[in-house]
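Worksheet for the structure shown next.
Please treat every number below as a calculation from the coordinates, not as lab data. None of the values given here were measured: they were computed from a predicted structure. Ideal geometry is used to build each Cβ from the backbone, glycine not excepted, and the neighbour counts take in all protein chains shown.
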Amino acid sequence: MKVLAWYITTAKVRKLENTFSVAQERSRAGKNKIIPRSITKTVHSNGSITYNLLAVTDMDEAGREAKDKYNWRAVTRKGALTISRDKKTVTVNWLESSDKNITSGLNYKGRAMELSDLLEYNGHLLSPDDKTGMLYEIEDGKAIPWVFLNSGPGNTTKGMKAEWLTVKDGLLYVGGHGTEYRNKTGAVVSEDSMWIKTITKTGEVKSENWKDIYTKMRDKAGYSAPGYLTHEAAQWSETRQKWYFLPRKASRTIYNETEDERKGAHILIEADPELTEFKVIYVKNPKGSRKDHPERGFSAFDFIPNTDDELIVAIKSKEVSGFPPESYITVFKVDGQVLVPDQILDRNLKGLNYKGRAMELSDLSEFNGHLLSPDDKTGVLYEIKDGKAIPWVFLNSGPGNTTQGMKAEWSTVKKDLLYVGGHGTEYRNKSGHVVSEDSMWIKIFTKVGEVRSKNWKKVYSRMRNKAGYRKPGYLTHEAVQWSPIRRKWYFLPRKASTTIYNETEDEMKKAFCDRKDHPERGFSAFDFIPYTYDELIVAIKSKEVTGSPPESYITVFNVNGRILLPDQKLDGNLKFEGIYFV
């Protein structure tokens with residue numbers, strides 16, 4: 001079974017048309033300057049000002065849609081914050097009807113919507129359905145049919161089983177498995193999957209027979225007929241002016257359904273632009289690693305941005321009868337040297353779509369003209385655009401050499417760098433022993449997506465000691481901001497405890513309160529209200545208590561702690577964990 005494949009996109013600066021202030025900034029900014037954030041405001045006759053807000057939820061396991069358990073979503077909600085002229089009164093109104101799904105995946109119902117890849121082409125996000133042959137444009141959470149692809153030479157009544165997409169010389173290339181299909185006796189019954197499609201930006205489709213290309217490729221790799229290679233991952237590298245193929249399966253013998261489950265390929269094939277010369281590169285596991293896991297095969301890959309297409313991030317899929325599907329992510333160089341060995345991801349995916357727990361977005365931040373949100377379960381940092389969550393960077397936990405995704409909780413910008421952090425405390429087992437300090441590391445990004453890991457253990461430890469929560473007590477952080485105006489850091493801890501972690505007690509450990517202050521509520525996000533010299537803060541509080549639905553509240557106070565707007569409940573049982581002025 002196939003599910004939606006996500007692609008990794010480069011963090012390019014989007015042009016903002018008709019935005020004079022941005023154009024002015026660009027004209028005088030140096031190459032290291034980033035686009036300033038833009039904020040919409042309305043000034044009223046009485047001197048009060050209204051700002052648009054956007055909040056995003058962390059849905060936890062409720063992110064699984066009721067009608068389709070393999071479709072994941074987050075919800076954004078628009079609001080308006082009005083502040084009085086004297087900056088002493090604040091009101092917030094939410095537009096519940098503005099709730100909008102942000103989907104990280106679309107998938108099938110019955111035998112349809114089995115989307116197998118994702119690619120941006122001519123400004124449109126496209127995805128093929130390998131059961132119906134329909135090529136969809138994905139927009140605002142909808143799959144809009146664009147072009148129907150016939151199988152084979154294009155004169156058949158069957159839809160194309162499309163598996164991969166790439167762009168070369170302004171044309172969209174769509175391909176399938178690239179091998180003939182045989183019956184039980186070994187006779188060839190179809191060569192349709194050896195045809196590919198090229199599509200112009202106006203939707204004109206041309207069928208091309210790649211039988212000779214696919215045949216030369218597998219012969220060069222040592223898998224001549226009746227052996228086979230099957231393809232689900234192919235890319236053209238404009239930078240290197242070469243084709244790259246990561247076969248899913250490789251077999252020297254005729255197809256057998258049971259044996260095929262353990263025919264996973266571990267080769268990268270490089271080809272010249274004309275696809276006449278092929279080079280086979282073996283993807284080498286690090287010394288001391290286990291066997292090559294033949295039940296895993298490549299199902300998607302992309303080049304990591306700003307590496308001159310030298311580094312590849314790839315997805316492997318495992319589908320074995322009697323076992324749940326599994327997916328893995330790996331990173332290696334084009335010479336086959338593995339940098340990140342297979343790292344299991346929740347359930348089956350192709351590309352970057354997760355089954356299990358995903359789209360648990362924990363914050364919102366604008367950086368270099370892009371609205372970003374981290375997923376605290378997968379470690380993916382997404383760009384949020386037009387109702388889509390577009391993966392930008394994958395964050396490893398801790399020092400950056402781990403196989404687990406970072407549980408990112410907060411993000412802020414300081415001196416043209418993006419800071420991303422987690423809870424900021426060590427994790428202990430039931431006996432009280434420290435088992436992990438990964439969440440005490442933060443990540444620092446440049447605008448081109450370069451990531452550096454930094455150990456903040458001393459920072460977090462000094463902070464909690466100063467606040468009176470020495471270990472084994474703790475502070476947990478989900479709301480952190482740098483104020484460029486005040487030249488200071490601000491932290492709103494989610495939980496505060498003078499005793500060792502206890503799961504039940506932790507539900508009532510809101511930071512800095514007595515019981516009447518609702519200890520079940522803790523800060524999960526905040527932002528400074530614009531044009532208040534970062535003196536006024538609007539914050540989100542979250543409540544998660546076993547046996548009760550999640551709740552979210554909004555509050556406003558100044559940096560001295562004086563409350564202007566007491567906790568105001570947001571309608572619905574949604575856990576909002578990001579807030580941002582738009």
- prompt: Using the scaling law 2.2 N^0.38 Å as the reference, what is the normalised Cα Rg of the stretch 139-179?
  reply: 1.34
- request: Counting only C-alpha contacts under 8 Å and six or more residues apart, can you give the relative contact order of the stretch 122-237 as a whole percent?
  value: 21 percent
message: If I histogram all Cα-Cα distances within the stretch 203-341 using bins 10 Å wide from 0, what percent of pairs lands in each bin?
response: 11, 41, 35, 12, 1, 0
- prompt: Under 5 Å between amide H atoms, partner at least 5 residues away or on a different chain: which partners does L372 have, H built in plane at 1.01 Å?
  reply: S365, E366, F367, I384
Amide H contacts under 5 Å for I529, placed H, 5+ residues apart: L536, I537, V538
task: Compute the distance in nm between two label points, each set 7 Å from the Cα along the Cα-to-Cβ direction, one at K457 and one at S548.
output: 3.7 nm
field: Cross-link pairs K385/K415; K385/K488; K216/K249; K471/K575 - those with Cα-Cα distance over 27 Å
entry: K385/K488; K471/K575
query: If you wrap a convex hull around the C-alpha atoms of the stretch 369-451 and split its volume per residue, what is the figure in Å³?
result: 96 Å³
message: 7 Å from Cα along Cα→Cβ at both F148 and E257: what's the point-to-point distance in nm?
response: 2.9 nm
field: Average projected area [Cα convex hull, the stretch 459-506], square nanometres
entry: 3.5 nm²
query: In nm, to one decimal, how far is the K201 label point from the D140 one, both placed 7 Å along Cα→Cβ?
result: 2.3 nm
message: If you scale each eigenvalue of the Cα gyration tensor by 5 and take the root, what three semi-axes come out for the stretch 131-235, rounded to whole angstrom and sorted largest first?
response: 26, 16, 12
field: Neighbourhood charge, 14 Å Cβ-Cβ cut-off, centred on V167 and excluding it, Lys, Arg +1 and Asp, Glu -1
entry: -3
query: Pairs K211/K263; K158/K316; K184/K318; K407/K443; K201/K242: which exceed 18 Å Cα-Cα?
result: K211/K263; K158/K316; K184/K318; K201/K242
- request: Please find the FRET efficiency linking S84 to K414, where r is the Cβ-Cβ separation and R0 is fixed at 35 Å, and quote it to the nearest 0.05.
  value: 0.70
